Amino acid sequence: MILDDIRSLFPWAEELGMTDFIANLVIEGATSYEVVAQVRASEQYKRMFPGMIGDDGTRRFEYEADYLEQVSSYRTVLQQAGLYNPDVESPLDYVGFMKSGIAPDELRERISVYQQIEIGSQELKDQFYIYAGMEITNDDLFEAVVNPEFGQELQDEFDRTVATGDLDYETYISRATERGLANVSDLLQGMSDDGMVSNEAAQSIRNLDPTFAREVMGVIANQGTSTLGYDALSYAFQYALLGSAATEQGLTAPSAEMVERLRAAGVDRAKAMPAYGAYANTQNLVSGMVQRATGEEFGQEEFEEAVLLGDAGSVDLLRRARGLEQAYARRSGGFSTNQQGSRFTQTGRTRY
């Protein structure tokens, strides 16, 4: 009976290994207040509930069950975000959240913000470095989001550095090339993992002569009559290196006008890179198909218009060419070409 009462009042006591300890106190005539006081003073209790007492000495939770429920909610949030590792979990892992007054729902929101920053902040981090020589991390950007005061300080430091600095052309191109090469290497590694380019192609970018890469960046930066801003410059540089890595012939860097059109159409790297990679591997196939079917040229510019920008005329040209090619294949047993999303495929020779 005593053990049943203990398990009912202190369901966590067994996990602490204190069931017998509490039972002995009850047998010796200790009051419920004395039992609770001795249990809470034990080292086992302090290890299991390290965040129970605040810095000012007050209890954060009236009951241990409430504490454990909060810890369980934190754990669920971390599990859903893929950040939970049971092999290294410790009761101390959750004390920081409690000290900062971060509830489980707020933790979920913060993790979501941080993951978005990890995915979409590279351009911003690059610009801090290129224009102000400031190395900022995902943690810095996260702090800027959740702490407006810190965010303003970061912005003010950037503005002061840019205003008082002397960013010359040589430094600008060197920094842009440094970041551009790092970003292309990361992107190609992802494409290599997905089987879109070979490991050798990805490695070729990592082994690229920095001096040559800087020359490429300089040429792209000054194409046309005006110098590209960093965003557009980064797009063009990455497209150029991606093309050269995806095929021996290589692709040419999009013009400044095309880069701006792609950006205006909402074509980000997540959409453009697979499309350019697929085209780089099939450009001769596609251009030959269009040439045979319509007598018209279909090069990289037409591809950009059709696949990335959705230009009606270019899309129709590609559709007519594919239709005629498929009809020819059915009649004569030739090769036919299909499009799956941004990828072009050739089905092979049919039998008579």
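The values are calculated or read from the model by the stated rules, or taken from the named source; none is laboratory data. Every value quoted in this text rests on a predicted model; they were computed, and no experiment measured them. Reconstructed Cβ throughout: ideal geometry from the backbone, glycine too, with neighbour counts over all protein chains shown.
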Quick one: which residue in Ala202, Ala182 is at pLDDT 80 or above and either assigned to a helix (DSSP H, G or I) or surrounded by 12 or more Cβ atoms within 10 Å (Cβ to Cβ) (or both)?
Ala182
Go through (1) buried (at least 16 other Cβ atoms within 10 Å of the Cβ); (2) among the aromatic types (Phe, Trp, Tyr); (3) without any contact (Cβ under 8 Å) to a residue 40 or more places away in the chain for Tyr172 and report which single condition fails.
(3)
So if I check each of Gln122, Gln79, Gln155, Gln116, which one is of a type in the set (S, T, N, Q) and in contact (Cβ under 8 Å) with a residue 40 or more places away in the chain?
Gln122
Which numbered condition trips up Ile119, out of (1) surrounded by 14 or more Cβ atoms within 10 Å (Cβ to Cβ); (2) under 23 Å from Gly151 (Cα atoms); (3) at pLDDT below 90?
(1)
Is it true that some residue in segment 61-75 is touching a helix residue (DSSP H, G or I) at 6+ places or on another chain (Cβ under 7 Å), of a type outside the set (Ser, Thr, Tyr), surrounded by fewer than 16 Cβ atoms within 10 Å (Cβ to Cβ) and touching a residue at least 40 places away in the same chain (Cβ under 8 Å)?
no
Scan segment 13-35 and give yes if some residue there is surrounded by fewer than 15 Cβ atoms within 10 Å (Cβ to Cβ) and either under 30 Å from Glu109 (Cα atoms) or touching a His at 6+ places or on another chain (Cβ under 6 Å) (or both), otherwise no.
no
Assess whether Tyr114 counts as being over 17 Å from Tyr235 (Cβ atoms) and in contact with a Phe, Trp or Tyr (Cβ under 9 Å, 6 or more places away or on another chain).
yes
From the list Glu143, Glu106, Glu135, which residue is surrounded by fewer than 14 Cβ atoms within 10 Å (Cβ to Cβ) and acidic (Asp, Glu)?
Glu135
Go through (1) among the charged types (D, E, K, R); (2) modelled with pLDDT of 90 or more; (3) over 16 Å from Gln122 (Cα atoms) for Asp166 and report which single condition fails.
(2)
Scanning for something among the small types (Gly, Ala, Ser) and touching a Gly at 6+ places or on another chain (Cβ under 6 Å), does segment 107-128 turn up at least one residue?
no
